[in-house]
1. At 1.4 Å probe radius, can you tell me the per residue accessible area of chain B in Å²?
2. As a test of reading the structure, rank A:110, A:49, A:259 by solvent-accessible area (1.4 Å probe, protein chains only), most first.
3. Amide H of residue A:13 versus every other amide H placed in the peptide plane: which residues, excluding those fewer than 5 positions away on the same chain, fall under 5 Å?
4. First measure r as the distance between the Cβ atoms of residue A:285 and residue A:179, then evaluate 1/(1 + (r/R0)^6) with R0 = 51 Å and state the FRET efficiency to the nearest 0.05.
5. In whole Hz, with x marking every Gly and Pro, tabulate ³J(HN,Hα) for region A:202-219 from phi via Karplus 6.51 cos²θ - 1.76 cosθ + 1.60, θ = phi - 60°.
6. Please calculate how many Å² of accessible area region A:125-173 carries per residue, with a 1.4 Å probe and no DNA, RNA or ligand atoms counted.
7. With labels modelled as points extended 7 Å from the Cα through the Cβ direction, what inter-label distance (nm, one decimal) is found for residue A:12 paired with residue A:113?
8. GluC sites (Glu not before Pro) within chain B: which are DSSP loop residues with at most 14 other Cβ atoms inside 10 Å?
Amino acid sequence: MASNQLIIDGVSLGSRLIMGTGGLTDLAMLERALLASGTELTTVAVRRYAPGSGLGAGTGRAGRNAEEVAPRNGTNAADHGAAASSPRDSLYGILHRNDIKVLPNTAGCYTARDALLTAELGREALETDWVKLEVIADEDTLLPDGVELLDATEQLVARGFKVFAYTSDDPVLALHLERAGATAVMPLGAPIGTGLGILNPHNIELIACRASVPVVLDAGIGTASEAALAMELGCDAVLLASAVTRAQNPVAMAQAMRYAVDAGRLARGAGRIARRTHAVASSPMAGRIGTGNDTAGSATSGADVPRGDWPAPSPVSSSSPLSSPAPSDSESHVS
Amino acid sequence: MNTAPQDTILVNGNPVPLTEGLSVADAVADLTGRDITAAGRAADGKPLGIAVALDHAVIPRARWSDTMLEANQTVEIVTAVQGG
């Protein structure tokens, strides 16, 4: 099987689980969860320094959840809410000492114009060209605004950004974003923070199979099986935050997500069996006790032959209790 | 002159008195409590993780120390916080 490394923009990541960092006020807990997840890339939001004075205009998901975690000397922000963590610790400290890369986002932006300035600030502050581009339509759904998103993608690509475009599960828009130069396309499974899983697996699979850039399932994951499903559908990676940070046991859930992503990718590569509506025995029918003479090697009347899928009723298999009465044109079927 | 209102700038939405020769680097140092080098980095050598927008335009860190603030300008000083 191919290497498990995920290559994005020439950078090799050993984990296909990308973590958000919002939703946990306890930085020590966040660090343990990040380590348990095995992630090598995490998103962060860009906000005013020392938000004891308020978070400003950004009222998106990250904005509502944001906890001030910037480097500080610990003396001028006594109102910091994360009392459980060391006052000298910081999100930066955690990410640096664990060698976790940073993906700044544009959460809370409603227009391409806002997103451009936020992206520029993120690039300057964190010294990376990577940006998770998030342009939302409204506060209630937090759904991506496709028009503004495409516009912002074109402009950011022109300015040299590597755009990770958070988008809807629309396969057409995903292709537009790729053509506009997006480095990765990140369709949602369900609206941010809902934990509804993957609402349209068909679309996600279609996006994944047509894309020539990495596809990251972003948002909506609630539990491990859904992360595995994303990978089984052909996604290259999964990005999640709330499913871990708001779980009752974030560290355990982070570990579950790590295994789920690995399991889903393995299953995808292994090639699943076809779906059937009819049972197919995995033990031989021949040689059962109490069935009379059984000549070795000659399966009687196709008993060892899988009967195939619905619709399969035919006159010659009338012994099956599930067989319906033969239709009037009972001339055709042979098993 | 002693009755003239003090010139101010807006730093992260808060009015701040504008002192003579106040640079962007000074504003960052005042807000963060950290010393800033001429290159726009933390003097303690640790990551600073700060970006500045002056009237909605990003000022690269290398220009912080020679960019002087003027009355009524809007300064946004941002950093990374937890988020999705």
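The values are calculated or read from the model by the stated rules, or taken from the named source; none is laboratory data. Given the structure is predicted, the values throughout are model-derived calculations rather than measurements. Cβ coordinates were reconstructed from backbone atoms using ideal geometry, including for glycine residues, and neighbour counts include every protein chain displayed. Just the protein is used for accessible areas: all its heavy atoms, side chains included, with ligands, DNA and RNA removed. Shrake-Rupley method; radii C 1.70, N 1.55, O 1.52, S 1.80 Å.
1. On the way: 4150 Å² over 84 residues.
Per-residue accessible area for chain B comes out at 49 Å².
2. On the way: A:110 70, A:49 5, A:259 135 Å².
The residues order as A:259, A:110, A:49, largest area first.
3. Excluding prolines and chain starts, which carry no amide H, the hits are A:6, A:7, A:8.
4. Values: r = 54 Å, r/R0 = 1.06.
E(calc), rounded to 0.05, equals 0.40.
5. Coupling constants for region A:202-219: 4, 5, 4, 5, 5, 4, 5, 7, 9, 6, 10, 10, x, 10, 10, 6, 10, 5 Hz.
6. I get 37 Å² per residue for this part.
7. A separation of 4.5 nm, rounded to one decimal place.
8. On the way: sites: B:20, B:70, B:76; in loops: B:20, B:70.
Loop-located and lightly packed - B:20, B:70.
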